[in-house]
Amino acid sequence: QVQLVESGGGLVQPGGSLRLSCAASGSIVSIGATGWYRQAPGKQRELVATIASGGTIMYADSVTGRFTISRDNDKNTVYLQMNSLKSEDTAVYFCNAAVSSAGSKYYRIYWGQGTQVTVSS
């Protein structure tokens, strides 16, 4: 079994910064693409940023230039550095990852439980 655990959320003032982490654990053989998504109250979950195993990165237009996604393959961890935060960034942030587990030749998508980010003065 594989688990993703997010951390680093919290309350921050507009213009502030937060760094989210998502650590994968369990019987992991390899991790493919990973990503961050967010869901604000009353809205659908939306893509924030993704990073492939080879390093290719994509960002939503709304966060380009403010957020940076990165990954540490040795630690099975993906990060999201969020700068110049705005009130509209308030949401629950989820990470996901395509993971190949021991005993399986296929990749399966796993999700974390989410971490709340609130941007407010």
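Heavy-atom accessible area per residue, the chain, 1.4 Å probe: how many Å²?
On a per-residue basis, 54 Å².
Give me the percent relative contact order of region 1-61, please, defined on Cα pairs under 8 angstrom at least 6 residues apart.
24
Please work out the Cα center distance from region 89-118 to region 1-71, rounded to the nearest Å.
9
Any idea what the dipole of the chain comes to, in debye rounded to 20, about its Cα centre with Lys/Arg Cβ at +1 and Asp/Glu Cβ at -1?
Taking the Cα centre of the chain as origin, the dipole is about 160 debye.
How high is the relative contact order of the chain, in percent, with contacts defined as C-alpha pairs under 8 Å that are six or more residues apart?
37
Binning at 10 angstrom from zero up to the longest distance, how are the C-alpha pair distances of the chain distributed in percent?
Over the chain, the share of Cα pairs per 10 Å bin runs 14, 47, 29, 9, 1 percent.
What is the percent carbon and sulfur in the accessible area of the chain, measuring with a 1.4 Å probe over the protein chains and ignoring ligands?
49
Name the residues whose placed amide hydrogens come within less than 5 Å of the amide hydrogen of Ala33, ignoring near sequence neighbours (fewer than 5 apart) on the same chain.
Correct list: Ser53, Ala98.
The values are calculated or read from the model by the stated rules, or taken from the named source; none is laboratory data. Given the structure is predicted, the values throughout are model-derived calculations rather than measurements. Cβ sites come from the backbone with ideal geometry, for glycine too, and all protein chains shown count toward neighbours. Ligands, DNA and RNA are excluded from the accessible area calculation, which covers all protein heavy atoms including side chains. Shrake-Rupley method; radii C 1.70, N 1.55, O 1.52, S 1.80 Å.
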